[in-house]
1. Which of the lysines could be linked to residue 30 by a straight reach, that is with a Cα gap under 27 Å, when you skip same-chain ones fewer than 8 residues away?
2. Going by C-beta contacts inside 10 Å, put 65, 32 in order with the fewest on the left.
3. With a point put 7 Å past each Cα toward its Cβ, work out how far residue 137 is from residue 49 in nm, to one decimal.
4. By how many nm would the segment from residue 125 to residue 22 lengthen if fully extended, with 0.36 nm per residue of separation less the alpha-carbon distance?
5. Give me the aspartates and glutamates in straight-line cross-link reach of residue 116: C-alpha distance below 17 Å, same-chain residues under 8 apart excluded.
6. Take each of the peptides 33-40, 91-98, 117-124, 66-73, average the number of other beta-carbon atoms within 10 Å over its residues, and list them starting from the highest.
7. Tell me whether the range 49-135 comes out rounded, prolate or oblate; compute the Cα gyration tensor, take square roots of the eigenvalues as a ≥ b ≥ c, and use a/c under 1.5 as the rounded threshold.
Amino acid sequence: MIAVMILSTFTIQAQNVHQTRKYRVIAYKKGDNSVFSISNTTELAPNLSLYVPNSFTPNGDGLNDTFGVYGESIKNYRMQVFNRWGQVIFESNNVTEQWDGTYNGRFVPQGAYIYKMSANGINGNTTSKNGTLNIIY
């Protein structure tokens, strides 16, 4: 009989935005660990996913102080935040850049804002999300 152990390692970049998973199988002969076989390493990329919070509190307490996307396998990305009059008050193509709740150097008023996000994944998938976010002070 052969015992099989699967080892996995993770390569994480940009706050868990780009992630691949590497796997290698090691098989040992039962009762004799000196006899074993090691497979090649395979690397898997998870499907594109975006996770977007619906509120944040830019009050400087270190908890939920910024707004942005979290996800996996993101290659290209765009986010826009709009005020109630449809004016773009924040825009970014950098998935690690998050909005701090300011516009022209000043904090925006508490309330609801609209966001639009789109992303292309490393596997060629695309997705977009639109919604409302709340700023709470």
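1. By straight Cα distance, residue 30 reaches 22.
2. Least to most surrounded, the residues fall as 32, 65.
3. Modelled inter-label distance: 3.6 nm.
4. Difference between extended and current length: 35.0 nm.
5. Those aspartates and glutamates meeting the cut-off are 91, 97, 100.
6. 66-73, 117-124, 91-98, 33-40
7. prolate
Values in this text are rule-based calculations from the coordinates and carry no lab data. All values derive from a computational prediction rather than experimental measurement. Positions of Cβ are generated from backbone atoms using ideal geometry, with glycine treated the same way; all protein chains shown enter the neighbour counts.
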